[in-house]
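A quick write-up on the structure given underneath.
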Amino acid sequence: MKKLLPLVFLIASTAIAGYPPTPGNGTFTSIEDVEYARVGDKSFLLDLHVPDATGPFPVILYLHSGAWVTGDRTGGPAIRQALRGYAVVSIDYPLAPSFTWPTQLESCKAAVRWIRANAAQYNFDPDRIGVFGTSAGGHLAAMLGTTNDRPEFEGIELGNPQFSSSVKVVVDMYGPTDLLKIDEQKLPCYGPLSANSPFMPPSLLMGCAIQECKDKTMTSNPINYVTHGDPPFLLLHGQADCLVPWQQSQILYESLRDHDVPVTMYLLPTAEHADHQFDDQQWKQIISDFLDENLRGPVPMPRRRAMSR
């Protein structure tokens, strides 16, 4: 039996040299409602948050929460990184039940390719793209990080097929991993509902009752695609999470570790799903330090203002 990852209760280190500590002291400009892909006749949009500096900027693709059935690109914890010299790209992705798996992952890959295709226009660094997801977005982030060079998920018909959809780092906050195990891992606070119900989000995502279409459901499990060359992962999860059991992050951690993929996991003993504790300074700084260590590159310089005569 494998040992569980020891719980970690650490105050984050000071900011890595060159980058400001969270929350940051820079400014940024937002560019909203940009189409990055069309699925059928539906347009999918993104918002850009670009630092007011010279760049080129490392990029964070943010994937929102909402159990794959709701939510949108506004808000989210990644946007604060735009104050620290990162460009943040937040997307709307196709929602269930109108769109079923793997359309969600295909759209995320299309968004990464869009970033590379438009790098020159927005002063992005195409070699420094990471992904940051919360809850359902954390699941998609983990899938994005483990399915590089998997053509069955690429969705090249969504645009820019000449560009890679690979990412350099993954931040996964309280995201599901193995949909087929949620019900057996759930805490009592989940209540009388079953995660296996055909009316619950996992089945709506798959377009079928997950226990009756296990082969398809297993294609949504990032563990099935982990390889030694995958990018570094940061996992954060609350052990009082009533919606997504903390063991979902634990099994992903173990798989990544077993394949020698750099991975760090923090378990918050009293945190619930999307808990306010994740906004405490120590966890915000841990995320910033992870991004700075693995994605940051050169520090962007502020733009010079034109001198008045």
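The values are calculated or read from the model by the stated rules, or taken from the named source; none is laboratory data. Keep in mind that this is a model prediction, so the values were computed, not measured. Note that we place each Cβ from the backbone using ideal geometry, even for glycine, and neighbour counts take in every protein chain shown. Note: accessible area is taken over every heavy atom of the protein model, side chains too, but ligands, DNA and RNA are not part of it. Shrake-Rupley method; radii C 1.70, N 1.55, O 1.52, S 1.80 Å.
Residues whose amide H comes within less than 5 Å of that of Leu268, counting only those at least five positions distant or on another chain, are His237, Gly238, Gln239 (H built at 1.01 Å from N in the peptide plane). For the chain, the longest principal axis of the Cα atoms and the long axis of helix 136-146 meet at an angle of about 80 degrees.
A Cβ-based charge dipole, computed about the Cα centre of segment 144-257 with Lys and Arg at +1 and Asp and Glu at -1, lands at about 180 debye. When segment 105-157 is described by a simple charge dipole with +1 on each Lys and Arg Cβ and -1 on each Asp and Glu Cβ, the residue from Met143, Gly133, Val112 located farthest towards its positive end is Gly133. Close amide-amide hydrogen proximity is noted between Ala37 and Phe44, each under 5 Å apart and 5 or more residues distant or on a separate chain (H modeled in the peptide plane; Pro and chain starts excluded).
Accessible area per residue for the chain, computed on protein heavy atoms with a 1.4 Å probe, is 43 Å².
On full extension, the segment bounded by Glu212 and Asn25 gains 62.2 nm, given 0.36 nm per residue less the C-alpha separation. Think of each Lys and Arg Cβ as +1 and each Asp and Glu Cβ as -1; about the Cα centre, that makes the dipole of segment 191-309 roughly 880 debye. Computed 3J(HN,Hα) for segment 208-223, one whole-Hz value per residue from the Karplus formula 6.51 cos²θ - 1.76 cosθ + 1.60 where θ = phi - 60°, is 6, 5, 4, 6, 9, 9, 4, 4, 5, 4, 5, 6, 9, 9, x, 4, glycine and proline marked x.
What FRET efficiency comes out for the pair Glu157/Gln185, r = Cβ-Cβ distance, R0 = 45 Å, nearest 0.05? Plugging the Cβ-Cβ distance into 1/(1 + (r/R0)^6) gives 0.80. Solvent-accessible area assigned to carbon and sulfur over the chain amounts to 55 percent, based on a 1.4 Å probe. Once C-alpha pairs closer than 8 Å and six or more residues apart are averaged by separation and normalised to the residue number of the chain, the relative contact order reads 20 percent. Dipole check for segment 34-85: with +1 at the C-beta of Lys and Arg, -1 at the C-beta of Asp and Glu, and the Cα centre as origin, the magnitude is about 140 Debye. Each Lys or Arg adds one and each Asp or Glu subtracts one; over the other residues with Cβ under 14 Å from the Cβ of Lys284, this totals -3.
Per-residue Karplus couplings for segment 226-237, computed as 6.51 cos²θ - 1.76 cosθ + 1.60 with θ equal to phi - 60°, are listed in order as 5, 9, 4, x, 5, x, x, 10, 10, 10, 10, 8 Hz, Gly and Pro entered as x.
For helix 281-294, what angle does its Cα long axis make with the longest principal axis of the chain, in degrees from 0 to 90 and rounded to 10? Taking the Cα atoms of the chain, the angle to 281-294 is about 70 degrees. Sorting the Cα pairs of segment 53-132 by distance into bins of 5 Å, from 0 upward, gives 3, 16, 24, 23, 18, 10, 5, 1, 0 percent per bin.
In the context of the full protein assembly, Lys42 retains an accessible surface of approximately 90 Å², using a probe radius of 1.4 Å and ignoring ligands and nucleic acids.
Using the Cα gyration tensor of segment 195-247, with a ≥ b ≥ c the square roots of its eigenvalues, what is the shape: rounded (a/c below 1.5), prolate (a/b larger than b/c) or oblate (neither)? Taking the square roots of the gyration eigenvalues as a ≥ b ≥ c, segment 195-247 is oblate.
Once backbone amide H atoms are built at 1.01 Å from N, Cys242 has His273 as its partners under 5 Å, excluding neighbours fewer than 5 places away on the same chain. The alpha-carbon atoms of the chain define a convex hull whose volume equals 135 cubic angstrom per residue. With a Förster radius of 45 Å applied to the C-beta separation of Ser194 and Thr54, the computed FRET efficiency comes to 0.25.
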